[in-house]
Amino acid sequence: MSSATFDKADFTPDVLICVDQSGTIDRVISVADKDYQSVKQAAINNSTYIHISEGSYLLPGFTDLHIHAPQWSQAGLALDKPLNEWLNTYTFPLEAKFRDLAFAQRVYQSLVAELLANGTTTGLYFGSIHTEANLVLAKICASLGQRAFIGKVAMDNPDQTPEYYRDNDSKEALEETEKFVQKMIQLKQSSQAEITAVITPRFVPSCSDETLSGLGKLAQKYDLPIQSHCSESIWEDQYAKDRFNMHDAEVLDKFGLLTDKSIMAHGTQLSDSDLKLFHNKKTTIAHCPISNIYFGNSVTRVKKAHQQQVNVGLGTDISGGFSPSIYRNMQQAIMSSQILTDSGDRNARITAANAFYLATVGGAKALHVKTGLIKPGYQADFQIVKDQYFDISSNDPQEIFERLVYHTNKENIKQVYVSGKLVHSIGENDNGK
Ligand code: GUN
Ligand code: FE
């Protein structure tokens, strides 16, 4: 199963998906093709054939477009507090602990394994301010085989960040970011892993003007993706107006931070003109529906963004969102959109097919990676999931698809592959049968 369009998921029974040595899908052969049997037999003979049993399905792996890696050890805590209080009393003290590399190793190992077990084959991460701890995260992603985009968090505004957890000044924020970028380039070369550095101003309030502008220039110099938060909450939106007399999105744009490689988290408060700016800049929204319930003060207008041709993907926002599962976030995205409908925006409801598109194609487009679809030329990023109600429910493909969106949990995700490599597995594999 994979997305046919934003509005429709495709279901193709009885196909052979051939993956080449580099982990790219080479051919998709239907049962009616004349070499189906011979290709299948050759794969069985050389033990590269993987059979998917009845009641299980092969789906593309998911992309999580917004994860705060150091927050994993507090997932689910203090979510009743407003954003600013949650940041200052819980989140900044926790993130400050990541100068301890042994602690970072333990938390990051647990997080990346958990995300893979939930079907997330590509992750876009905020690290902490610590260059070395962020490299620990990159090495774990490389060794566990997840495709990863990782940012050293830049935050130096003394008005909005505590003394114990900030870059001392703009010079330090920019120098450490550049050092991290260069070390990631070296690590990528030496490990051959799919890891990329990301320019990461935490959000406008936490950065000085010099840092915002310097980061825009670094992104351009190294041609890198950019991530931040944009118009997450009424408070953040108002902050940009007070400091710059501009919308949050306009401030990011003024500093060169809205590009076709930018992924901006949340966007609950984005106006129609902000969406137009996102469209013009080809910037993506990372929709984090669980987190938005706690901190967003509103629901992100996914349908409206799609209609204005703004790309949207999904993010867990660990730990503003408590769940590491993109399935759980697809469910919440659909549920939250019903509230927009109730408040008069008739066209706002999203479907299971829409949510699945965000989790696969939307995320892949944001990061310019060839994943999220099962087609020749795309990376072999797969999850094999079991329909736990196969025996008692309808076998109509669209209904199976909706059931998978609503009922899959990590116990039903049997195998996960990134670029053709098995990165997670539970239970028996029936290879060759
Ligand atoms: N805005 C700035 N930092 C954060 C963070 O860590 N989480 C969320 N949800 N919003 C933020
Ligand atoms: Fe966030």
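Here, each number is a calculation from the coordinates, and none is a lab measurement. A quick note: this is a predicted structure, and the numbers were derived from the prediction, not measured. With ideal geometry, Cβ positions are generated from the backbone for all residues, glycine too; neighbour counts draw on all protein chains shown.
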Do we have PHE98 as crowded, with 22+ Cβ neighbours inside 10 Å and either in contact with a His (Cβ under 7 Å, 6 or more places away or on another chain) or free of Cβ contacts under 8 Å to residues at least 24 places away in the same chain (or both) here?
yes
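Conditions tested, residue by residue: (1) more than 28 Å from VAL361 (Cα to Cα); (2) in contact with a strand residue (DSSP E or B) (Cβ under 9 Å, 6 or more places away or on another chain).
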{"site": "LEU212", "(1), (2)": "yes, yes"}
{"site": "LEU215", "(1), (2)": "no, yes"}
{"site": "GLN220", "(1), (2)": "no, no"}
{"site": "PRO225", "(1), (2)": "no, yes"}
{"site": "SER228", "(1), (2)": "no, yes"}
{"site": "LEU258", "(1), (2)": "no, yes"}
{"site": "LEU275", "(1), (2)": "no, yes"}
{"site": "SER291", "(1), (2)": "no, yes"}
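Listed here are the residues, each with its yes/no results for (1) closer than 21 Å to GLN160 by Cβ; (2) more than 16 Å from ligand 1 (Cβ to nearest atom).
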| site | (1), (2) |
| --- | --- |
| VAL204 | yes, no |
| SER213 | yes, yes |
| GLY216 | yes, yes |
| TRP235 | yes, no |
| ASN245 | yes, yes |
| LYS261 | no, yes |
Residue satisfying condition, being charged (D, E, K, R) and touching a helix residue (DSSP H, G or I) at 6+ places or on another chain (Cβ under 7 Å), within set ASP7, ASP33
ASP7
So which residues in segment 65-95 are surrounded by 15 or more Cβ atoms within 10 Å (Cβ to Cβ), out of contact with any Leu (no Cβ under 8 Å at 6 or more places or on another chain) and either free of Cβ contacts under 8 Å to residues at least 24 places away in the same chain or in a helix (DSSP H, G or I) (or both), if there are any at all?
LYS81, LEU83, ASN84, LEU87, ASN88, THR91, PHE92, LEU94, GLU95
Could you give me the residue pairs with C-beta distances under 9 Å whose first residue belongs to segment 286-305 and is away from ligand 1 (no atom under 13 Å from the Cβ), whose second residue is among the acidic types (Asp, Glu) wherever it lies, and which are 6+ apart or on separate chains?
ARG301/ASP345; LYS303/ASP345; LYS304/ASP272; LYS304/ASP345
Just the residues that are within 20 Å of TYR417 (Cβ to Cβ) and buried (at least 23 other Cβ atoms within 10 Å of the Cβ), please, taken from segment 101-117.
LEU111, VAL112, LEU115, LEU116
Could you grab me the full set of residues in segment 371-415 that are of a type in the set (S, T, N, Q), within 21 Å of ALA113 (Cα to Cα) and in a helix (DSSP H, G or I)?
ASN412
At least 1 residues that are in contact with a Phe, Trp or Tyr (Cβ under 9 Å, 6 or more places away or on another chain) in each: list the helices (runs of 4 or more DSSP H) lying fully within segment 235-316 that qualify.
248-254, 289-295, 302-307
Considering residues of segment 41-61 that are outside any loop (DSSP other than H, G, I, E, B) and not polar (S, T, N, Q) only, the residue farthest from the chain's Cα centre (by Cα):
ALA42
